[in-house]
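Single-structure report; data block below.
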């Protein structure tokens with residue numbers, strides 16, 4: 001790994017999305033890494049080009065058009081390393097999300113132990129578990145084999161057994177996986193990732209390698225209470241990338257020049273979230289959320305542990321998945337009663353065909369915003385359930401992905417995050433309008449200075465510090481006393497009532513000392529479980545916000561009353 | 001320069017299509033053969049089931065090797081019901097016979113794995129054309145000449161027939177009265193469908209298919225379950241059939257129309273299409289285009305879904321465009337809400 005910024009030099013990052021390909025050029029300006037320019041084009045993985053390089057070249061040429069520097073030669077090849085003429089760049093990182101979900105079968109011993117860890121492993125990539133085989137399975141062997149074959153998995157994660165633990169059961173599972181591979185043509189056989197008891201690694205390899213490709217990694221569950229996902233994550237990322245190369249034309253050639261293994265966009269975000277968490281000493285959970293056209297993903301770093309969830313719930317191609325998952329009623333709850341569910345269905349079904357469609361009317365904008373709230377809610381609930389973690393404060397929350405981070409005015413993005421994620425306690429909400437968060441995560445593996453310097457360069461928008469007190473007091477009860485003291489020493493006080501939403505009068509970048517005093521048992525900081533907090537708040541694009549609407553946020557049952565309240569909340573942000 | 005999404009709505013063209021099996025199988029046509037949309041061009045057997053016969057357990061063998069000696073089959077053998085799988089001779093004679101027909105896959109470890117026949121999958125041509133290349137075990141490539149209308153959505157079915165009922169106007173809603181015995185065996189063409197009853201009625205008559213401009217999205221589950229193809233040229237909501245498609249369909253009365261109703265697939269590029277085979281061969285359809293003033297574009301959504309106009313101005317940075325519709329009307333629209341008609 002290159003650790004010196006001058007050695008690493010300039011970097012081109014390509015984020016190959018399912019709909020958009022984004023190119024970002026990062027270079028040193030006045031001794032600091034900065035985003036120099038970015039370009040964007042339609043992803044060309046599918047029809048009519050069937051070659052990912054065409055969209056990538058188009059995005060890079062957009063950068064060339066705004067800076068006086070050639071990055072691609074006349075043959076369409078990236079110019080690397082940097083030339084004496086000033087053309088080109090020194091390193092290349094690639095992220096991708098333009099892939100169909102990887103179909104994964106998990107075979108392990110105990111549902112709550114190794115199989116749970118296998119599911120955790122899958123939740124970090126654009127993949128889905130299509131079949132689970134465990135010791136408690138009541139199906140006969142042939143039935144299990146056929147059920148796996150029917151799902152046509154591309155990868156089988158074979159796990160189980162703590163270190164120095166069970167071996168016979170793993171041998172049985174290996175036999176079963178061997179049969180699955182034998183019944184499949186060699187070129188279509190699922191790749192096997194073994195992440196179980198290391199004593200069985202050689203047995204697994206020799207039993208399976210004549211039928212398929214086998215990767216051996218460290219045990220993901222070395223002890224009953226110990227989960228160790230990092231090495232297996234790396235191995236699965238490699239398998240996922242090799243799989244993507246087979247499906248996406250031009251990806252192999254494009255990534256030949258890459259300075260590091262291309263990462264899935266969700267993984268890039270996960271790396272940056274983890275990095276911020278570590279830089280902050282691991283005391284506060286950090287959350288990243290990325291919503292794209294095909295996938296929605298979330299990464300949480302908490303107590304030095306990295307937790308992810310990735311769902312095929314993008315707001316473009318995969319918006320119909322929301323409808324299939326019975327989320328139509330939830331979407332309708334965020335909309336005017338004058339918009340029928342039939343109309344919502346029409347709009348979203350059309351969007352699933354043409355994901356590029358931009359809303360023109362207020363009605364369409366409202367529908368898209370309602371979808372975002374439901375996707376965010378679904379993600380956070382899924383994360384909490386899958387990793388068995390309670391709702392807690394996060395610091396900060398990063399909003400990524402064009403449908404979410406590019407909402408304008410910025411108050412709309414903030415409102416969607418508050419409604420969907422429903423953070424509790426004190427949180428900073430930031431948005432990534434340039435699609436840099438996953439890039440910085442990946443760039444950090446080549447040069448750790450890049451994420452550190454660019455994150456604080458202003459390329460990531462600070463939307464607001466949000467204070468979400470937790471109180472059981474009835475609606476309308478005063479629950480929070482706020483005293484603000486500005487740089488000039490001028491004081492201002494206000495009282496917040498349960499059920500209200502308020503923007504504090506703090507200008508962008510203005511630093512204000514704020515004292516918060518919870519009343520009637522109100523908790524202000526959910527991490528430290530304190531009711532009295534004094535902190536310095538820097539105003540974001542939306543100032544600072546107090547969201548005292550309650551957790552969980554309960555909307556009125558009556559449709560007219562509900563819409564009236566949503567409209568009122570919307571007016572808070574102008 | 002910015003690559004634009006392209007849709008073909010052409011009165012006469014020549015285009016190439018590849019039809020592939022989901023897994024390796026047999027090709028049933030030859031190179032140069034003319035095919036109709038419903039012709040089966042290849043077949044395969046999907047997801048064969050397997051049975052495991054544990055000879056060791058059945059004969060209480062003391063080791064896998066002992067069990068293997070009792071097995072009377074070898075891998076690749078065809079097995080009929082009643083065939084002997086394993087037997088023990090002597091005083092305690094015992095015979096294990098097959099209860100299902102299949103093919104012996106393996107006989108190791110005293111266990112016999114038998115592969116049972118899978119479900120037959122038939123690959124239809126989908127288009128009226130000529131086979132130009134055989135892709136061994138996987139499928140065919142073909143060339144098609146005629147009118148082509150690329151559509152927005154299909155319900156997964158394929159068929160061919162003639163259109164027996166036309167709408168008066170491009171946004172005409174299909175009413176149950178229009179689906180009667182006189183349209184039996186043919187395609188009904190209309191602007192919009194919002195009544196579920198029409199779908200079930202069409203199955204009862206039966207119609208061979210529906211060509212619509214648009215449909216209420218809440219009808220999708222029912223539409224998908226219908227045995228005949230349904231194709232939407234524009235998509236969901238109340239959107240009229242675009243002018244070009246309307247003209248092509250109404251000016252080719254009595255000609256055989258093929259509906260390829262398989263859904264749009266981002267990775268393969270497959271999309272629902274309507275083809276009218278014509279005796280003449282047109283120019284090859286161009287699959288790529290860039291936004292350029294003067295190009296014919298179609299509105300995919302608001303503010304004029306289904307309308308076709310001429311791209312007058314556009315700004316790639318702002319992502320906006322001005323489209324001239326007819327002689328006088330000018331509409332400002334996000335560039336993203338347009339596709340180029342080539």
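Laboratory data are not the source of any read-out in this text; all were calculated from the coordinates shown. Only a predicted model underlies this, so the values are computations on that prediction, with no experimental measurement involved. Backbone-built Cβ (ideal geometry, glycine too); neighbour counts: all protein chains shown.
Project the alpha carbons of chain B onto their principal axes and report the range along each, largest first, in whole Å.
Reported extents, whole Å, longest axis first: 100, 50, 39.
Restricting the calculation to Cα positions, tell me the Rg (one decimal) and the Dmax (whole number) of chain A in Å.
24.8, 77
What distance in nm lies between label points placed 7 Å from Cα along the C-beta direction at residue B:177 and residue B:16?
Roughly 5.0 nm, to one decimal.
Counting other beta carbons within 10 Å of each Cβ, put A:563, A:569 in order, fewest first.
A:569, A:563
For the stretch A:265-572, state the average projected area of the convex hull of the C-alpha atoms over all orientations, rounded to one decimal in nm².
Mean projected area of the Cα convex hull: 15.5 nm².
Enter the mean number of other protein chain beta carbons within 10 Å of the beta carbon of each residue in A:341-351, as an integer.
Mean shielding count: 6.
In peptide A:41-51, how many Cβ atoms from other protein chains are near each Cβ within 10 Å, on average?
Rounded to a whole number, the mean comes out at 5.
Kirkwood Rh over Cα pairs of the stretch A:102-247 into Stokes-Einstein at 10 °C, 1.306 mPa s: D in µm²/s?
D = 108 µm²/s.
Packing-wise, with mean Cβ within 10 Å as the measure, how do A:239-247, A:130-138, A:293-301 rank, highest first?
A:293-301, A:239-247, A:130-138
Give me the number: length gained by fully extending residue B:247 to residue B:47, i.e. 0.36 nm times residue separation minus the C-alpha to C-alpha distance, one decimal in nm.
Result for the pair: 67.5 nm of gain on full extension.
Given points 7 Å out from each Cα along the Cα-Cβ axis, report the residue A:199 to residue B:222 separation in nanometres with one decimal.
6.3 nm
Across peptide B:47-56, what mean number of C-beta atoms from other chains lies inside 10 Å of a residue's C-beta?
4
If only Cα atoms are counted, what is the Rg of the stretch A:11-98, and what is its Dmax, in Å?
So, for the stretch A:11-98, Rg and Dmax equal 12.7, 43 Å respectively.
Residue A:226 to residue A:172: extension gain in nm, 0.36 nm per residue of separation minus the Cα-Cα distance?
Fully extending the segment from residue A:226 to residue A:172 adds 17.0 nm.
According to a simple spin-label model (label point 7 Å from Cα along Cα-to-Cβ), what is the distance in nm between residue A:530 and residue B:80?
For residue B:80 paired with residue A:530, the spin-label model returns 8.6 nm.
Bin all alpha-carbon pair distances of the stretch A:44-143 at 5 Å intervals from 0 and give each bin's fraction as a whole percent.
In whole percents, the pair-distance histogram is 2, 10, 14, 13, 10, 8, 8, 8, 9, 7, 6, 3, 2, 0.
Would any residue of the stretch A:400-414 have its amide N under 18 Å from a label point 7 Å out along Cα→Cβ of residue B:332? List them or say none.
Residues A:408-409 qualify, since their backbone N sits under 18 Å from the label point.
Only residues of the stretch B:278-314 count here: report those whose backbone N is under 17 Å from the spot 7 Å along Cα→Cβ of residue B:141, or say none.
Those under the cut-off are B:284-287.
What's the exposure ranking of A:431, A:565, going from fewest to most Cβ atoms within 10 Å?
Lowest to highest Cβ neighbour count: A:565, A:431.
Taking the Cβ-Cβ separation of residue A:503 and residue B:315 as r and a Förster radius of 45 Å, what is the calculated FRET efficiency to the nearest 0.05?
After rounding to 0.05, the efficiency reads 0.85.
Can you tell me which of B:83, B:159, B:315 moves the most in a GNM of chain B? Springs connect C-alpha atoms under 10 Å apart.
Evaluated over chain B, the most mobile residue of the options is B:83.
Largest first and to the nearest Å, give the Cα extent of the stretch B:127-223 along each principal axis.
If we take the Cα atoms of the stretch B:127-223, the spans are 47, 26, 25 Å.
Order the peptides A:496-506, B:91-101, A:37-47 from the highest to the lowest mean number of other Cβ atoms within 10 Å of their residues.
Highest to lowest by the protection proxy: A:37-47, A:496-506, B:91-101.
Principal axes first, then extents: for the Cα atoms of the stretch B:52-166, list largest minus smallest coordinate on each axis, whole Å, largest first.
80, 32, 23
For a Förster distance of 30 Å, can you work out the FRET efficiency between the beta-carbons of residue A:303 and residue A:406, rounded to the nearest 0.05?
Between residue A:303 and residue A:406 the formula returns 0.40.
Neighbouring Cβ atoms within 10 Å as the yardstick, rank A:233, B:119, A:179, A:333 fewest first.
B:119, A:333, A:233, A:179
I'd like to compare B:58-70, A:14-26, A:143-155: which one has the highest average count of other Cβ atoms within 10 Å, and what's the full order after that?
Highest-to-lowest ranking by the protection proxy: A:14-26, A:143-155, B:58-70.
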